C-alpha cells in the first residue's frame, strides 16, 4: 500500500468530513456565572477539546439574571467587529460537565439544525431529561424520552451545553430580547411561565429553525451542595 492507508481509506475521508475541521468553526462560548465555579466543573471544562487551528473564545457574564446574561452576551458579540462574523455560540453553565469530545460531536450534528445540545437531566431523584417537545404537530414542550446515541429532533433544550448558529440571532423574525425569564398573567390569555431557554426556543422554532439533542453527548449536572453528579 505505497499510497498510504489514509489516502485509500473511505473511513478516514468520512471521519474528516464528519468532524468538519476544514470549515470555519469559530465559536464564542458564553458562561453566565454567579462568580464561583466548582473546581470539579472547571476540571471538566479544561479537558474539553476544540478543533485544531480554530477560533474559540470564552465570554463570562457575572452577576446577572441568566436570561439577561445571555442576551447581554449576544448583544456584545453582534456589536464586536470581529466576533459578529464568527459562526457559532456555545452556551455553557457553571454546573454542567460535558465530555471531552462533546463539542466535536455537536459540530458533527449541527448541519441540519439551528441549534443542537448535549443531553443532561434536571437534578434530583426525580430528574427529567432536558429535551422538550415532539416536533411533529402543534408546537409543544412536553418532556421527551431520549433515544440512545442519536441526533433526536425536538422543540427545546436546556442551555447547559448547547451550540447555536450565530446567524439565528441576526434573524429579524426572532424578537429581542432573545432570552427572557417570564412569569405573567393576562386576562383572556392566561398564565405564561418560561425559563429563558424555552422562551428562546419557542421563538427559534416559530422562525423555522430546527432543533435537536445529540444524545451521544452525555453531560453531567453537578450539585455543589453534596458533590453529586446527576
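The values are calculated or read from the model by the stated rules, or taken from the named source; none is laboratory data. Computed from a prediction, not measured in an experiment: that's the story for all the values here. Quick reminder, even Gly has a Cβ in these numbers, built from the backbone with ideal geometry, and neighbours come from all protein chains shown.
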Has the range 1-19 got at least one residue that is within 20 Å of residue 105 (Cα to Cα) and not in a helix (DSSP H, G or I)? no
How many of the residues in the range 66-90 are in contact with a helix residue (DSSP H, G or I) (Cβ under 7 Å, 6 or more places away or on another chain) and over 20 Å from residue 22 (Cβ atoms)? 9
Identify the residue in the range 206-229 that is more than 15 Å from the chain's Cα centre (by Cα) and touching a residue at least 24 places away in the same chain (Cβ under 8 Å) and, among all such residues, is nearest to residue 174 (Cα to Cα). 207
What strands (runs of 3 or more DSSP E) lie completely within the range 141-230 and have 2 or more residues being at pLDDT below 95? 182-186, 190-194
Anything in the range 100-129 that is under 15 Å from residue 215 (Cβ atoms), in contact with a strand residue (DSSP E or B) (Cβ under 6 Å, 6 or more places away or on another chain) and in a loop (DSSP other than H, G, I, E, B)? List them, or say none. 110, 113, 120, 128
Pair list, Cβ < 9 Å and 6+ apart or interchain, from the range 12-36 residues that are on the phi > 0 side of the Ramachandran plot to residues that are part of a strand (DSSP E or B): 35/62
Scanning the range 34-68 residue by residue, those part of a helix (DSSP H, G or I) and under 15 Å from the mean Cα position of the chain (by Cα) turn out to be 45, 66, 67
